[in-house]
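Read-outs throughout are calculated quantities, based only on the coordinates presented, and are distinct from any laboratory measurement. Owing to the predicted nature of the structure, the values given are computational and were not obtained by experimental measurement. Cβ atoms come from the backbone with ideal geometry, glycine included; neighbour counts cover every protein chain shown.
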């Protein structure tokens with residue numbers, strides 16, 4: 001191919017989208033959700049919760065150094081990761097449930113990309129004006145003082161939001177007031193500064209410049225949501241049988257010309273943060289934020305038409321509505337076998353986690369027998385086995401645990417480093433204690449290959465007990 005006819009580009013440069021301001025119930029709902037979710041994210045690390053003198057008083061803390069996860073009165077230890085796994089399963093089932101019932105409501109209302117993009121657009125609108133003013137500024141080729149001032153002010157504001165976002169994230173992993181002081185005085189760990197820098201950059205880029213491209217190209221959910229939806233799913237749609245043929249009535253129209261309710265005002269397109277036309281049908285880009293519903297209802301009210309030309313609707317109602325019949329009750333769409341199944345599974349997992357949380361003990365132990373050698377013959381002919389016993393004290397204060405065994409009476413217990421059978425375990429820690437079980441010469445356990453034995457740990461303050469079963473290895477004669 002000659003240079004005069006270059007090959008067409010396979011890449012289309014992004015055209016920035018400047019959605020117009022809109023008001024209505026769905027827009028108000030998004031404002032409320034944005035305030036609540038951002039408030040929770042930014043303020044939670046600063047909430048205090050008294051756990052005692054030796055434990056952190058931050059309500060929500062992922063203590064990686066201490067290998068703990070604190071959530072108000074709940075403390076998760078490393079071996080209890082199944083609680084976190086259960087919460088992730090519940091989150092996945094909840095996402096399936098809401099998508100099956102109401103489409104991509106997660107994407108439209110509570111997804112972090114959507115929430116921060118809404119915040120960035122709000123800041124952009126405050127600084128540069130509404131849609132038309134921003135479009136004029138974008139199309140202005142010359143970079144004069146006004147454009148430079150507005151652009152710089154907007155980018156600095158976005159950067160500060162990104163910095164606050166990164167800063168709030170690192171506060172979840174250390175005591176927030178202490179870390180904030182260390183950050184300001186430049187005494188924090190380099191990992192904290194690196195994490196803040198990365199999150200600041202990604203927030204600035206994703207919320208300010210990538211926006212809808214993250215939803216379309218980076219997020220996998222638009223491509224798998226179809227498996228969660230069916231013809232009874234309520235999602236944002238256009239009542240084409242009511243709106244077409246679209247267009248404004250004109251004096252020049254031929255007699256008998258019929259127009260639909262849609263006057264082709266483009267209000268639904270101008271408010272869409274994804275830049276799509278909902279009248280073209282269901283599209284992967286649609287996040288069901290419902291702003292087009294607010295915009296269309298506003299126009300319908302002005303021209304004296306009933307609301308609902310664009311609305312939450314189900315495909316299964318299309319035939320009835322075309323025939324002039326009312327749609328099904330909303331609860332018949334929501335309460336159907338698929339959503340009931342998801343709700344049941346979600347509830348079962350939740351009940352299981354609550355049950356496991358309330359029955360778990362504040363005292364735990366694990367026992368690891370020494371395997372090399374399996375037993376030692378003492379000078380008096382007795383047989384000794386060695387065990388590593390890990391005692392977990394989940395209380396906020398030191399506790400004394402008494403160890404004992406249950407098995408053949410010929411076996412006796414010894415603790416390394418002490419002549420007593422009790423050991424002090426510091427608050428909220430796991431203590432590794434070496435334990436010996438000795439069986440006298442000629443006794444049944446010393447002659448058998450293996451004998452059952454149970455090791456008990458008792459909290460001497462409240463009497464709570466825990467045990468582990470293991471085995472005592474003899475000569476096997």
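Given R0 = 51 Å, the distance between the Cβ atoms of residue 345 and residue 379 translates into a calculated FRET efficiency of 0.25.
Every helix of 4 or more DSSP H residues in the chain counts as -39500 (n - 2.57), and over all residues that averages to -11500 deg cm²/dmol at 222 nm. Helix 25-43 axis versus longest C-alpha principal axis of the chain: approximately 30°, rounded to the nearest ten. Its residue count N sets the reference 2.2 N^0.38 Å, and the alpha-carbon radius of gyration of the range 328-391 equals 2.47 times that reference. Just the Cα atoms of the chain, one point each, no solvent: what log10 I(q)/I(0) does Debye give at q = 0.07 Å⁻¹? The calculated log intensity ratios at q = 0.07 Å⁻¹ are -0.61.
Each 10 Å bin from 0 upward holds the following percent of the Cα-Cα pairs of the range 363-472: 15, 47, 28, 10, 1. A straight line joining the Cα centroids of the range 153-184 and the range 403-434 runs 47 Å.
Ordering 181-187, 422-428 by mean Cβ neighbour count within 10 Å, with the highest value first, yields 422-428, 181-187.
With one equal scatterer per alpha carbon and no solvent term, the Debye-computed log10 I(q)/I(0) for the range 228-338 at 0.10 1/Å reads -0.32. With a Förster radius of 51 Å applied to the beta-carbon distance between residue 137 and residue 321, the computed FRET efficiency rounds to 0.75.
In a fully extended conformation the segment linking residue 226 and residue 205 would gain 4.7 nm over its present Cα-Cα distance, using 0.36 nm per residue. Scoring 402-414, 156-168 by mean Cβ neighbours within 10 Å over their residues and listing the highest first yields 156-168, 402-414. Compute the angle between helix 145-170 and the longest alpha-carbon principal axis of the chain, please, reported from 0 to 90 degrees and rounded to the nearest 10. It works out to around 20 degrees. Between residue 13 and residue 298, the modelled labels are 3.1 nm apart [label points 7 Å from Cα along Cα→Cβ]. Given their separation in residues at 0.36 nm each and the Cα-Cα distance between them, residue 461 and residue 358 gain 35.0 nm when the chain is fully extended. The range 225-292 and the range 185-210 have their alpha-carbon centroids 40 Å apart. Report, in whole Å, the centroid distance computed from the Cα atoms of the range 446-477 and the range 36-95. Each part reduced to its Cα centre gives a spacing of 35 Å. Angle of helix 337-359 to the longest C-alpha principal axis of the chain, folded into 0 to 90 degrees and rounded to 10: 30°. On the basis of the beta-carbon distance and an R0 of 35 Å, residue 246 and residue 156 show a calculated FRET efficiency of 0.25.
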